[in-house]
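Here, each number is a calculation from the coordinates, and none is a lab measurement. As the structure is a prediction and not an experimental result, all values here were calculated from the model. Don't worry about glycine lacking a Cβ; one is built from the backbone with ideal geometry, like all the others, and counts go over all protein chains shown.
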Amino acid sequence: MTVSYSFEVANASFGGFSKLLFRWKGSIYKLLYKDLLVFCGIYLFFSLLYRFMLTPKQQDLFERIALYCDQFTNISFIPVPFVLGFYVTVAFNRWWGQYTSFPLPDNLMMSVSGNVHGVDERGRLLRRTLMRYANLSSVLILRSISTRVRRRFPTLEHLVEGGK
């Protein structure tokens, strides 16, 4: 589940980032605390093993194994700029796909006015109702990404009062 903090970020004051960082609902700590506890447990196990259970000769062997393994972490098999560029490209393409898939009411209005015929009251009401539904869907989409629209229509009752 995605938790949106855009309204809190828009109204942030001094120290607002740290308040957002330490909110439990949807926080990075809630996502990673189990992994952190497992890592700390394994680290504690090896630290206690090295300090209290190994002889000096075994400690020397342990250090040499650790240095041997460290050689492979310094060599970069995949260049970081390539991976970073790939990631930025994927993230931007996802954002652009969302932006271009947002339905604009103007194009729909042209299609409705061209395809829903009738100069009488029924045709006019049908066209108006279709466009009201299109505007409602736009407002519902914009409520999730725009703080100004969220402030104007915080609940569905406000949408009804606003005539959307």
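Details
- The charge dipole of the range 105-162, taken about the Cα centre with unit charges on the Cβ atoms of Lys, Arg (+1) and Asp, Glu (-1), comes to about 220 debye, rounded to the nearest 20.
- Reciprocal of mean inverse Cα separation for the range 59-164 (Kirkwood radius, Å): 19.2
- Backbone phi angles across the range 44-56, fed through the Karplus curve with coefficients 6.51, -1.76 and 1.60 (θ = phi - 60°), yield HN-Hα couplings of 4, 4, 5, 5, 5, 4, 5, 7, 10, 10, 9, 7, x Hz in residue order; Gly and Pro are listed as x.
- Projecting label points 7 angstrom from Cα along Cα→Cβ for Glu157 and Leu49 puts them 6.1 nm apart.
- For the range 105-162, the equivalent ellipsoid derived from the Cα gyration tensor has semi-axes of 27, 13, 6 Å, listed largest first.
- Using the Cβ-Cβ distance between Phe72 and Ser137 with R0 set to 41 Å, the FRET efficiency from 1/(1 + (r/R0)^6) comes to roughly 0.15.
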